[in-house]
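S.K.: Supplied in structure tokens, the structure appears directly below.
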Amino acid sequence: MVLEASCPESAALQTVCATSDDLELPNCKRPRLDPVEASASSASSSGSSSSSSSSVDARNSPIFRLVVEGVGAINVAMDPVNAPRTVATLAVLARWGARGRVHRAEAVGGGDGPPYGLVQATLDDPSKMLKALRHEGAKPIMRGSVCLIGGTSDVFVSLAPHPGWERSMTVFGKVSEPASTAAVGAILAKPIHQSKHPKHGTLMAMLDTKLGLHLEESGVSAELMDAIAFEADADESSEWQVHFSKGRPYYHNKATKATQWTKPS
């Protein structure tokens, strides 16, 4: 089994130290919560279970939306207990107005595939924050699971169980509501063509016309966002880190010690 992934390349963020906000910035060296502790606290306060093996409660979970052009919104009930860093990173990208495109749509077939039973999209991730994430959690991939493919900026909605895939792919949420399920079905109805992966030879069902999308999120707790420091660039030489204070991002330069509200450009 091979999932096709495409990851846009971009130059590293420039190290600019100008500030345009006179609000007091937090102390970057303050003690930080552990992300798992923060996610469990968030789940408890919203009424959902803190057990990593429990099902996601879509009524109380933070929501991640893949708003697909000409199709509608796919609402994902996010699971910050199983995948706290993945959830927080996707929230960052959504707040930055990230876009992407749906490029692969495979109905459920017989056996292990192909077809593999999934709808896949690439998210714009110029800072390579998603690509740099480590694998999280151990939830099995079931029908409706929404996953990040390790080492890429590609996500997919699973249309069938995929035993064993969870060893390299992070389950960060679930699609269950009828409107979102219908949106996934509408993508599956689009014209496709077969394409063979140039390296692995996997036969894939690719959309004839890619569908643009943008990201939205709501309900990701400030506690979870404050608990995680993000590299502004996945390159180890990057000088910038992204932190959060009460859910608002600010930027700290590890080399110059400068701290600013504005995103480095």
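S.K.: What lysines could a cross-link reach from residue 199, if we take a straight Cα to Cα line under 28 Å and drop same-chain neighbours fewer than 8 places away?
M.R.: Reachable lysines: 128, 131, 190, 210.
S.K.: Check residue 245: other-chain or 5+ apart residues with amide H under 5 Å from its amide H, H built from backbone geometry?
M.R.: Distant-sequence amide H within range of residue 245: 250.
S.K.: Let me ask another. Place a label point 7 angstrom from the Cα of residue 135 along the Cα-to-Cβ direction, then list the residues of segment 186-205 whose backbone nitrogen is under 20 Å away.
M.R.: Answer for this model: 200.
S.K.: Further question on the same structure: Expressed in nm to one decimal, what extension gain is obtained for the pair residue 195 and residue 108 from 0.36 nm per residue of sequence separation less their Cα-Cα distance?
M.R.: Result for the pair: 29.6 nm of gain on full extension.
S.K.: Same structure, new question: Could you go through segment 209-219 in sequence order and give the Karplus-derived ³J(HN,Hα) for each residue, using 6.51 cos²θ - 1.76 cosθ + 1.60 with θ = phi - 60°, rounded to whole Hz, and x for Gly and Pro?
M.R.: 10, 5, 9, x, 8, 10, 9, 9, 8, 8, x
S.K.: Hey, which lysines would be in cross-link range of residue 254, C-alpha to C-alpha under 18 Å, not counting anything within fewer than 8 residues on its own chain?
M.R.: Filter leaves 29, 263.
No value in this document is a laboratory result; all are computed from the given coordinates. Nothing here was measured: the structure is a model prediction, and the numbers come from that model. Neighbour counts run over all protein chains shown; Cβ positions are idealised from the backbone, glycine included.
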